[in-house]
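See structure below.
The values are calculated or read from the model by the stated rules, or taken from the named source; none is laboratory data. This structure is a prediction, so every number in the text was calculated from the model and none was measured. Note that each Cβ is placed from the backbone with ideal geometry, even for glycine, and that neighbours are counted across all protein chains shown. Side chains are part of the model used for accessible areas, which takes the heavy atoms of the whole protein and leaves out ligands, DNA and RNA. Shrake-Rupley method; radii C 1.70, N 1.55, O 1.52, S 1.80 Å.
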Amino acid sequence: MLIVGFGSVGQGSLPLILRHIDIKPEQITIITANAFGREIAGSLGVKFIVEPIKRDTYVAQYDKYLGPGDFLVNASYDVNSLDTIEYCRRRGILYIDACIEPWPGGHNNTSVPADRRSNYAYREAALDLRRKHPKGPACVLMHGANPGLVSHMLKQALLNIAKDAGGKTPVPKTREQWAQLAQGLNIKVIHIAERDSQVSSRRKQRDEFVNTWSSEAFAGESLQPAELGWGTHEKNWPHDARKFDFGCGAAVYLERTGASTRVRTWTPLEGPMLGFLISHGESTTIPDYFTVHKKGKAVYRPTCHYSYHPCDDAVLSMHEYIGNNYRFPPRYRLLRDEISEGMDELGVLLMGHRKGAYWYGSQLTIEDARKLCPYNNATSLQVNIGYAAAIIWAINNPGAGIVEPDELPYKTMMQICKPYLGRVVGVYTDWTPLEGRGVLFPEDVDASDPWQFKNFRVV
């Protein structure tokens, strides 16, 4: 096994890999761009090499460590996922990533049109590879917490709502049946609603980016256009929204960054809050998976996007980053061992059904995360157990070819992940994005349907 990159994902998933997979430390090599994490690798008996992966040398670099039947675990930032996937396909090597990444500078390369710098475009390029090569070694795309784990939470949430509605709903067996279930329940909107409340006594300093996971990756994806799955119930077209003229057509993008786009959302412990609409792969894979077609036309699709309130110091970091016209600061810091309290509340918020809204997900405290697995905080453990679960699945299905999170068996994945997620709860709420609106000043809302994107967006 070759682990490429050794930041928050690499460090936090390595003990899970050694715990749940029959592999010895001497069978694993870490290759990374800097010395961060060397002590962790050494304590676990894993070879650690500082050797940045380069666009013009990556083939020779991978060849030194990998052969047919091996596993490339891509936990990196600034290493092109699609080139790496093609390399693995040709050589019969298993593969996983937590998101699809370009080479350095790809997120803000303005010589490339905005629609081609999107996660939508990266995903379509990966699916083009699958269409050309439908068979091959297992390659799991975008499987951490989100994208990844949330797709399995979503299926369980749908079943919970169906059960609570009093019907005897058989568990769907196909993509079409899952989409019909969501349509039958009248799910109009799906938020990946997350509130990270972890804090440290050492607060963010000026010219420093602080986060509970990779600051570089967070800043990088924040440069991409805001992307969201566009539901068939939507009646109000945003002035800055644009359609993709290629691919599945399940999503749209805004002519602005995700970091500068905020939306109203809700989690059980935080209640109503504002989140960043950060571009993520699940904003396309979920609505595409749950689209119902008739005679080639989409007759049902939910709106879907990420609604993220990161930890307080990350919010301050993001404000400074945007205020400096997206100049990444000279210093960055991963919050992990210094966290004093807090949790990550991560789940799916399903809205529009008969009971209003339903949140289903993980409430994981920093204290429980530390007990469950070393080298993790609450945020990283939610990511890394989803990551490790997908690695386990790929090893057990080595000839699966290229697959997305929504295509994996949700029950199997939840069984692996659930012991690491703290409290897993489902909560109904009567909250809507119209709650308390128009009190201080008039607001332009669509009162005829609270579940319109227009009502969620902060303008």
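Taking Ile100 as the residue in question, decide whether it is within 16 Å of Ile402 (Cα to Cα), under 17 Å from the mean Cα position of the chain (by Cα), assigned to a strand (DSSP E or B) and in contact (Cβ under 8 Å) with a residue 12 or more places away in the chain. So Ile100 does not fit the description; no.
Of all residues in the range 218-230, none satisfies being at pLDDT 95 or above, out of contact with any Ser or Thr (no Cβ under 8 Å at 6 or more places or on another chain) and open to solvent by 10 Å² or more (accessible area, probe 1.4 Å). Got a sec? Which of Val425, Val459 is of a type in the set (A, V, I, L, M) and modelled with pLDDT under 95? Just a single option satisfies the conditions, and that option is Val459. May I ask you to list the residues in the range 314-335 that are in contact with a Phe, Trp or Tyr (Cβ under 8 Å, 6 or more places away or on another chain) and open to solvent by less than 30 Å² (accessible area, probe 1.4 Å)? Of everything in the range 314-335, those that are in contact with a Phe, Trp or Tyr (Cβ under 8 Å, 6 or more places away or on another chain) and open to solvent by less than 30 Å² (accessible area, probe 1.4 Å) turn out to be Ala314, Ser317, Met318, Tyr321, Pro329, Arg333.
Here's the yes/no breakdown for (1) in contact (Cβ under 8 Å) with a residue 12 or more places away in the chain; (2) among the charged types (D, E, K, R); (3) farther than 22 Å from Arg130 by Cα; (4) surrounded by fewer than 21 Cβ atoms within 10 Å (Cβ to Cβ):
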residue	(1), (2), (3), (4)
Ser8	yes, no, yes, no
Ile28	yes, no, yes, no
Pro68	yes, no, no, yes
Ser81	yes, no, no, no
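From the list Tyr375, Tyr387, the lone residue that is touching a helix residue (DSSP H, G or I) at 6+ places or on another chain (Cβ under 7 Å) and on the phi > 0 side of the Ramachandran plot is Tyr375.
Would you pick out the residues in the range 231-246 that are within 19 Å of Val299 (Cβ to Cβ), open to solvent by 20 Å² or more (accessible area, probe 1.4 Å) and assigned to a loop (DSSP other than H, G, I, E, B)? Thr232, His233, Glu234, Lys235, Trp237, listed by residue number. Residues of the range 427-443 that are within 26 Å of Leu350 (Cβ to Cβ) and assigned to a loop (DSSP other than H, G, I, E, B): Asp430, Trp431, Thr432, Pro433, Leu434, Glu435, Gly436, Arg437, Gly438, Glu443. So how many residues does the range 415-453 have that are of a type in the set (Lys, Arg) and more than 27 Å from the chain's Cα centre (by Cα)? Of the residues in that region, 1 qualify.
For the range 1-88, the helices (runs of 4 or more DSSP H) that sit wholly inside it and include 2 or more residues that are in contact with a Phe, Trp or Tyr (Cβ under 7 Å, 6 or more places away or on another chain) and of a type in the set (Gly, Ala, Ser) are 8-20, 38-43. For the range 406-456, give me each residue that is among the aliphatic types (A, V, I, L, M) and under 30 Å from Leu381 (Cα atoms). Listed by number, the residues that qualify are Leu408, Met413, Met414, Ile416, Leu421, Val424, Val425, Val427.
Residue-wise test of (1) touching a strand residue (DSSP E or B) at 6+ places or on another chain (Cβ under 9 Å); (2) surrounded by fewer than 20 Cβ atoms within 10 Å (Cβ to Cβ); (3) closer than 29 Å to Gly281 by Cα; (4) hydroxyl-bearing (Ser, Thr, Tyr).
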residue	(1), (2), (3), (4)
Pro25	yes, yes, no, no
Gly45	no, yes, no, no
Glu51	yes, yes, yes, no
Tyr95	yes, no, yes, yes
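Using the structure shown, decide if Tyr77 is closer than 14 Å to Val4 by Cα, within 17 Å of the chain's Cα centre (by Cα) and open to solvent by 40 Å² or more (accessible area, probe 1.4 Å). Taking the combined requirement at face value, the residue satisfies it. Screening Ser151 against (1) within 20 Å of Leu408 (Cα to Cα); (2) of a type outside the set (D, E, K, R); (3) touching a Cys at 6+ places or on another chain (Cβ under 6 Å) leaves a single unmet condition, (3).
Give me a count of the residues in the range 191-226 that are among the aromatic types (Phe, Trp, Tyr) and more than 15 Å from the chain's Cα centre (by Cα). Looking only at that region, the number is 1.
Elements of the type strands (runs of 3 or more DSSP E) sitting completely within the range 342-410 and holding at least 2 residues that are buried (at least 24 other Cβ atoms within 10 Å of the Cβ) and touching a Lys or Arg at 6+ places or on another chain (Cβ under 7 Å): these cover 343-353.
Per-residue answers, yes or no, for (1) touching a residue at least 60 places away in the same chain (Cβ under 8 Å); (2) among the β-branched types (Val, Ile, Thr):
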site: Glu404; (1), (2): yes, no
site: Lys418; (1), (2): no, no
site: Val424; (1), (2): yes, yes
site: Tyr428; (1), (2): yes, no
site: Leu434; (1), (2): no, no
site: Val439; (1), (2): no, yes
site: Pro442; (1), (2): no, no
site: Ala447; (1), (2): no, no
site: Trp451; (1), (2): yes, no
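For the range 287-313, a residue qualifies if it is part of a loop (DSSP other than H, G, I, E, B) and either open to solvent by 20 Å² or more (accessible area, probe 1.4 Å) or modelled with pLDDT under 95 (or both), and the qualifying residues are Lys295, Gly296, Arg301. Does the range 107-129 hold any residues that are of a type outside the set (D, E, K, R) and either open to solvent by less than 20 Å² (accessible area, probe 1.4 Å) or under 16 Å from Leu2 (Cα atoms) (or both), and which are they? Passing the criteria: His107, Ser118, Asn119, Tyr120, Ala121, Ala126, Leu127. Of all residues in the range 280-296, those that are touching a residue at least 60 places away in the same chain (Cβ under 8 Å) and more than 16 Å from Tyr253 (Cβ to Cβ) have Cβ atoms under 6 Å from Cβ atoms of residues that are assigned to a strand (DSSP E or B) and of a type in the set (Ser, Thr, Tyr), 6 or more apart or on another chain, in Val292/Tyr300.
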